[in-house]
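Below is one structure, written out as structure tokens; the observations come after it.
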Amino acid sequence: MSSPAPAASAAHGTGPVHPATARPSSALSGRVRVPGDKSVSHRALILGALARGETHITGLLEGEDVLNTAKACAALGARVERIGEGQWRVEGVGVGGFSAPAAPLDFGNSGTGVRLMMGAVAGNPIAATFDGDASLRKRPMRRVLDPLSAMGVEVLSAAEGGRLPLTLRGLADLSAFTYETPVPSAQVKSAVLLAGLAASGETVVREREATRDHTERMLTHFGAQVRVEPFGPHGRTITLTGRPALRGAPVVVPSDPSSAAFPLVAALLVPGSDIVITDMMMNPLRIGLVTTLMEMGARIDILAERTEGGEAVADLRVRHSHLKGVEVPPERAPAMIDEYPILAVAAAFADGPTAMRGLAELRVKESDRLAAVADGLAVCGIAHEVHGDDLIVAGGGAVRGGGPVATHMDHRIAMAFLVLGLASQEGVGIDDTTFIATSFPTFMPMMAGLGAVIR
């Protein structure tokens, strides 16, 4: 596999650190396109590897997380080739066609990559070892291992608590079954559906809270039979017919709304700002943050709405706004689970409290994000409370700043508090920017191009 060198690397949490400070900035302005969506990028590579024939991917996110998934696909026997900036070609081996990798598959910091690939490997009669950096080794994998084991996958070894590093042995003919996810998780749902490709009969996944549906959409795009039906007031039942003949298909990756969240909130908070974010994915299950910010009074104009590659896309004009605190219901969490750190930053500048409910899933991300956000807010002198799985930010408008904020090897914590520094009175320092490269390798130069002062 040919690929660009990662922008930065601290693969197992032992590399050099790169602190930074965001200074109070003048008005941000400009027109930007953030990198391709990370969720779609992972799935395009994996499904391209599981299909027969060639898949051409345009706009692939070339961050470390996705590059590690590309390397894993190549190690499993697919031909994966970078043919230009954001342009990749995958020659797949078909469902059940993976070969045993010669070395452990290292996913770095990526929970999405490792969990989805466990499902993809499950339907192959091979053994594979999965590993990652120090942060990923702390994250729970039992939620994926349990349903895969029920389908016939054998866990040959695992660290304490079913964590990485772990080794799985798959089967060519898995048992189809019906599974109700115990927590809202697109990663768990996707792992079961990818395993279900190698099962005879129908694999059914029920989720009480609908999570991002990129896997279902892309499975259909590659030729699988997928049926989606309502389940309860907020959930969905997804039924996959096993043993499809997946065929390579072109994939256009839209801009990542989770990455767009950072320049978007920066423009809302820095006085005088007026920016346009182009080509942003507007999938209804991914724009909970935009919905919440507009409820808070954000001036966000949705322009040029269109459909590209099966996903809704639009341009967003974002202007400085005076925000007010709101109540964010727990059922919205799956549509914005990665955006709570930056929402907490926006809430700090709002008039009145913002209550974010039902954030249990934040505790098992790249860091305990709920604790990390709360600690960062405290360092910056921002009044807040944590009650169980709820975060309440007092608001009040003016934020002094401070630092250094501990990022805990978490890219979203790093970017969120740098954005906070741009609108603060004295700036905000963070302890390490290294892991920003996992999802948004162009974050620093892009923000500088808009007028942000981060050094």
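Per-structure values
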read-out	value
Of residues in segment 317-347 being among the β-branched types (Val, Ile, Thr) and in contact with an Asp or Glu (Cβ under 7 Å, 6 or more places away or on another chain), the one nearest to MET218 (Cα to Cα)	ILE337
Cβ pairs under 8 Å, 6+ apart, first in segment 58-75 and among the charged types (D, E, K, R), second in a helix (DSSP H, G or I)	GLU64/ALA437; GLU64/THR438; ASP65/LYS38; ASP65/HIS42; ASP65/THR112; ASP65/GLY113; ASP65/THR438
Check on ALA371, of a type in the set (Gly, Ala, Ser) and closer than 21 Å to SER424 by Cα	no
Residue list for segment 191-224, filter: closer than 25 Å to ASP338 by Cα, in a helix (DSSP H, G or I) and among the polar types (S, T, N, Q)	THR215
Members of segment 419-443 found to be among the hydrophobic types (A, V, I, L, M, F, W, C) and either in a loop (DSSP other than H, G, I, E, B) or more than 15 Å from the chain's Cα centre (by Cα) (or both), listed by number	VAL419, LEU420, LEU422, ALA423, VAL428, ILE430, PHE440, PHE443
Residue ranges of strands (runs of 3 or more DSSP E) in segment 368-418 with at least 1 members in contact (Cβ under 8 Å) with a residue 24 or more places away in the chain and under 24 Å from ALA452 (Cα atoms)	402-405
Any hit, segment 267-281, residues being among the small types (Gly, Ala, Ser), farther than 30 Å from PHE222 by Cβ, surrounded by fewer than 23 Cβ atoms within 10 Å (Cβ to Cβ) and at pLDDT 95 or above	yes
Residue in segment 225-248 that is in contact (Cβ under 8 Å) with a residue 12 or more places away in the chain, aliphatic (A, V, I, L, M), assigned to a helix (DSSP H, G or I) and surrounded by 21 or more Cβ atoms within 10 Å (Cβ to Cβ) present	no
Segment 56-89, residues that are crowded, with 24+ Cβ neighbours inside 10 Å and either farther than 24 Å from HIS411 by Cβ or of a type in the set (Gly, Ala, Ser) (or both)	GLY59, GLY63, ALA70, ALA72, LEU76, ALA78
Given (1) more than 22 Å from VAL183 (Cβ to Cβ); (2) within 23 Å of the chain's Cα centre (by Cα), index of the condition GLY235 fails	(1)
Members of segment 206-239 found to be within 23 Å of GLY94 (Cβ to Cβ) and in contact with a helix residue (DSSP H, G or I) (Cβ under 6 Å, 6 or more places away or on another chain), listed by number	HIS214, THR215, MET218, PHE222, VAL226, ILE238
Unique residue being surrounded by fewer than 19 Cβ atoms within 10 Å (Cβ to Cβ) and at pLDDT 95 or above when the list is GLY396, GLY381, GLY388	GLY381
Test: residue in segment 217-231 that is farther than 22 Å from ALA249 by Cβ, among the acidic types (Asp, Glu) and touching a strand residue (DSSP E or B) at 6+ places or on another chain (Cβ under 6 Å)	yes
Condition met for ARG206 (surrounded by fewer than 20 Cβ atoms within 10 Å (Cβ to Cβ), at positive phi and not small (Gly, Ala, Ser))	no
Any hit, segment 431-445, residues being touching a residue at least 12 places away in the same chain (Cβ under 8 Å), buried (at least 24 other Cβ atoms within 10 Å of the Cβ) and touching a Cys at 6+ places or on another chain (Cβ under 8 Å)	no
Criterion (of a type in the set (Gly, Ala, Ser), in contact with an Asp or Glu (Cβ under 8 Å, 6 or more places away or on another chain), at pLDDT 95 or above and farther than 24 Å from GLY396 by Cα) met by exactly one of ALA355, ALA372, ALA360, ALA314	ALA314
VAL313 being assigned to a strand (DSSP E or B), touching a residue at least 12 places away in the same chain (Cβ under 8 Å) and more than 21 Å from the chain's Cα centre (by Cα)	no
Residue that is surrounded by the most Cβ atoms within 10 Å (Cβ to Cβ) [pool: residues in segment 249-266 that are assigned to a strand (DSSP E or B) and among the β-branched types (Val, Ile, Thr)]	VAL251
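One line per residue, one yes/no per condition, for (1) surrounded by 23 or more Cβ atoms within 10 Å (Cβ to Cβ); (2) outside the structural domain of MET409 (by TED's automatic domain parsing); (3) within 20 Å of the chain's Cα centre (by Cα):
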| position | (1), (2), (3) |
| --- | --- |
| LEU116 | yes, yes, yes |
| PRO147 | yes, yes, no |
| VAL155 | no, yes, no |
| ALA158 | no, yes, no |
| LEU171 | no, yes, no |
| PHE177 | no, yes, no |
| THR181 | no, yes, yes |
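The values are calculated or read from the model by the stated rules, or taken from the named source; none is laboratory data. Here the structure is a predicted model, which is why all the values come from computation and not from measurement. Ideal geometry is used to build each Cβ from the backbone, glycine not excepted, and the neighbour counts take in all protein chains shown.
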